[in-house]
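This report refers to the structure that appears directly beneath it.
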Amino acid sequence: MMKLVYRSFFLLSLWLGALVAVRAQPGNVCFTPTVTPPCTFVAIDNATNQPVDAFCVGKPVRFELCASRSVPSTLLYYGVLPGLNTTFPGCQPPNQLPYVYTPTRAEVGMVTVSELANDRTGSNGGVTYYTRTFRVYDNTAPTFTVAPCPSGNALITITDLVYDYYSVQSGSGAPLNLNPGQRSAVVPLASGATSVTVVGHYTAPNICESQQATQPVATLLPPQTPLFTTLTLQGALPGGTATLAIGQLPAGYFYTLQRADASAPGGFATVATVPAGSTSFAVPSAAPGCYRLLRTDACQLSTAASDLICTLNLTGNSTQNRNQLLFSDAGGSGAVYTVSRDGKVLATGIAPISGGLEDSDVQCGTSYSYTVTATYPNGTKSVSNAVTILTTSNLPPQQPLLVPSFNVRNVVELRPVLAGGTLPASSTLFYRRAAGGGPADFGSATTLRPRRDSTALEDLRKNPPCYSVRVTDVCGNTSSESAATCPSLLSASPADADGTTASLSWSAFTGPTPGAAASYVLERLSSDNQVLDNIAVSGNSYTDLSPNTTQQVLRYRLRISGAGLPAGTVSYSNIATVTRRLFLTIPTAFTPNGDGLNDVLEVKGKYLKDYTFVVVDRNGQEVFRGSQRADVWDGRIKGHAPVLGGYVWRFQQNNEDGTPFTASGSVTILK
């Protein structure tokens with residue numbers, strides 16, 4: 001069994017060692033000797049041969065007996081263990097003299113030096129075991145950081161407190177001593193200094209030499225006031241992400257996102273650290289409030305804050321075909337609010353209400369996505385989260401208008417006109433038609449494409465029709481029926497047998513506003529329905545005294561405005577025609593004798609165009625063919641001189657209205 005008794009010296013000082021004396025007895029090891037000398041052994045610096053009370057990494061030391069003791073060196077054994085008052089197993093240090101010990105960096109701190117004197121001839125059995133404790137100091141180069149600051153300063157931070165104290169020197173300036181244990185200091189930089197040197201010192205003499213390290217001082221860009229232009233909510237608060245548009249964050253400074261908080265020191269609570277050089281920054285799970293960016297430097301010598309931007313949290317609901325946008329504006333004054341719906345800025349239909357804005361230009365059953373932007377006098381913006389609102393209402397849709405008009409094929413087309421210009425999704429148009437009796441359903445549609453009435457024109461003239469329409473929206477609300485509207489039916493006939501004049505009459509047009517007067521313009525049309533000219537007319541009839549002289553078929557149409565028709569909208573009557581008789585004049589004889597009188601056979605008349613004129617002889621052989629008035633026959637047959645006698649001619653042409661016209665007769669060649 002082992003028993004250690006320690007006698008310690010100078011325990012109150014790290015520079016003093018602890019001493020323990022023990023002796024061995026049969027069956028036991030390391031018993032306390034009867035008498036322990038005041039000095040057992042000392043440590044000697046190998047380089048200076050001076051006693052030392054502490055060690056330095058890398059500096060060899062040896063151990064010698066004190067002058068009061070006399071033990072042969074061959075009987076002395078030494079060893080070193082880390083820790084305070086640690087001993088070797090079995091009290092057997094491994095190193096016989098001579099022994100030199102060189103501390104390593106792994107042993108920095110306290111070590112215990114053991115001595116075994118194995119002199120069995122002395123008093124107390126001769127075997128003694130003594131220990132002393134020493135501090136091992138490091139001599140590594142100091143480690144530190146240098147952070148440049150405005151106004152020619154730098155923050156020096158010691159990152160490993162190895163030495164008792166440090167001194168700092170910038171360039172060729174005077175050193176500045178830091179207090180023992182002081183980790184950092186703001187150091188004024190000497191004029192033109194581009195580097196900083198830190199020296200580590202120990203207070204105990206004759207231990208380790210001072211070590212130093214030098215680092216460059218980075219160039220610091222001029223400070224700028226942080227730029228914070230827009231705060232956009234990606235989701236509703238609390239919990240939604242806020243995205244910041246930022247700028248003017250040069251490197252070398254520290255940037256902090258803060259939220260106004262009266263309970264926090266200085267009135268602002270730190271939210272996050274923003275990296276230098278950032279142009280945007282996201283804040284997950286943002287809280288409502290007003291935010292700013294604060295710039296500081298490592299020395300806390302200069303600060304600046306951006307403009308304050310407050311969150312704009314949006315909610316919404318729908319009532320009676322109006323979408324209400326309610327927002328919680330966390331602060332700010334003088335803001336101008338802009339509403340965007342489905343990605344487009346709304347210029348109309350928006351009105352202020354308590355706590356927000358209202359959009360009245362909506363349709364029941366339609367979903368709209370909104371954001372609201374608050375623009376402050378300094379140009380900063382707060383953009384709300386997006387909110388989708390399904391419009392609901394029990395109000396009927398606005399009464400539609402109906403415009404009846406004929407197309408160029410004389411088919412009635414019904415064009416509904418709705419507020420807003422579009423038919424809301426899932427809405428239905430229901431048409432009604434009255435002709436010679438009460439109104440009857442006339443079909444439905446889910447688009448604004450014109451509804452057509454294929455009833456023949458002659459039947460329409462017999463029973464002039466009127467039409468109306470109503471709208472049922474997706475919410476089941478039905479508008480009031482539009483006013484009944486009636487297209488104008490136009491009729492035309494020759495005013496004389498040859499059709500040199502034309503008589504026109506029409507039924508009155510009834511527009512969307514009952515009782516409102518209509519304005520009529522009579523249009524003369526070409527064969528392809530292009531307007532040749534027009535005449536303002538009134539009443540219900542008109543006689544055209546000067547129709548086009550080259551047209552076999554005269555074509556007329558009424559263009560109608562007024563009567564409650566929307567601005568820029570017109571209605572057309574059907575196209576009415578007057579077909580004039582084709583007039584043909586062919587002589588019964590001609591004399592192709594070259595006297596200049598009646599030498600050729602030619603076709604004359606009115607409205608001649610693309611005809612076929614054929615002359616045959618008595619044997620039925622074709623002797624001449626012509627298709628236009630410039631084609632004339634001089635009596636020659638295949639280049640031979642005219643043969644006197646009778647011939648037969650046939651004429652064929654389609655009238656302009658497509659009906660065929662034929663005629664035949666005879667002609668005689670005279671001498």
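Rule-based calculations on the coordinates, nothing more; no lab input. In this text the structure is predicted, and so the values were computed from the model without any measurement. In this analysis, Cβ positions are derived from the backbone assuming ideal geometry, glycine residues included, and neighbour counts consider all displayed protein chains.
Shape analysis of region 132-212 yields a ratio of the Cα radius of gyration to the Kirkwood radius, Rg/Rh, of 1.03.
If the viscosity is 1.002 mPa s and the temperature 20 °C, what Stokes-Einstein diffusion coefficient in µm²/s follows for region 312-390 when Rh is the Kirkwood radius over Cα pairs? Here the translational diffusion coefficient equals 169 µm²/s.
Could you work out the local net charge near A304, counting Lys and Arg as +1, Asp and Glu as -1, over the other residues with Cβ closer than 14 Å to its Cβ?
Values: positive: R292, R295; negative: D297, D307.
Result for the neighbourhood of A304: 0.
Using the alpha-carbon positions of region 380-527, Rg (one decimal) and Dmax (whole number) come out as 20.7, 83 Å. One chain, two ends: N593 and N548. Fully extended at 0.36 nm per residue, the span grows by 12.3 nm beyond their Cα-Cα distance. Scaling against 2.2 N^0.38 Å puts the C-alpha radius of gyration of the chain at 2.23. In this structure the amide hydrogen of C310, modeled in the peptide plane, comes within under 5 Å of the amide hydrogens of Y291, none closer than 5 places in sequence on its chain.
For the peptides 547-557, 447-457, 385-395, the ranking by mean Cβ contacts within 10 Å, running from highest to lowest, is 547-557, 385-395, 447-457. Each of W633, W649 was scored by other Cβ atoms within 10 Å of its Cβ. Listed from fewest to most, they are W649, W633.
Temperature 4 °C, viscosity 1.567 mPa s: under these conditions the Stokes-Einstein estimate for region 207-347, based on its Kirkwood radius over C-alpha pairs, is 73 µm² per second. For the pair D160 and S70, a Förster radius of 45 Å applied to the C-beta separation gives a FRET efficiency near 0.50, rounded to the nearest 0.05.
Would region 227-310 count as rounded, prolate or oblate if I go by the C-alpha gyration tensor, calling it rounded below 1.5 in a/c and otherwise prolate when a/b exceeds b/c, oblate otherwise? Taking the square roots of the gyration eigenvalues as a ≥ b ≥ c, region 227-310 is oblate. In the chain, the DSSP beta bridges split such that about 95 percent are antiparallel, to the nearest 5.
Counted over all Cα-Cα pairs of region 490-579, pairs farther apart than 15 Å make up 57 percent. Tell me, in nm to one decimal, what length is gained between S426 and D261 on full extension, where the rule is 0.36 nm per residue of separation less the Cα-Cα distance? Full extension of this stretch gives 54.4 nm more. Ordering K381, K609 from the fewest to the most neighbouring beta carbons within 10 Å gives K609, K381.
Semi-axes, largest first, in whole Å: what does sqrt of 5 times each Cα gyration tensor eigenvalue give for region 583-669?
Working: eigenvalues 109, 39, 23 Å².
The three semi-axes for region 583-669 are 23, 14, 11 Å.
More than 21 Å apart: what percent of Cα pairs in region 401-472 qualify? Summing the P(r) tail past 21 Å for region 401-472 gives 26 percent.
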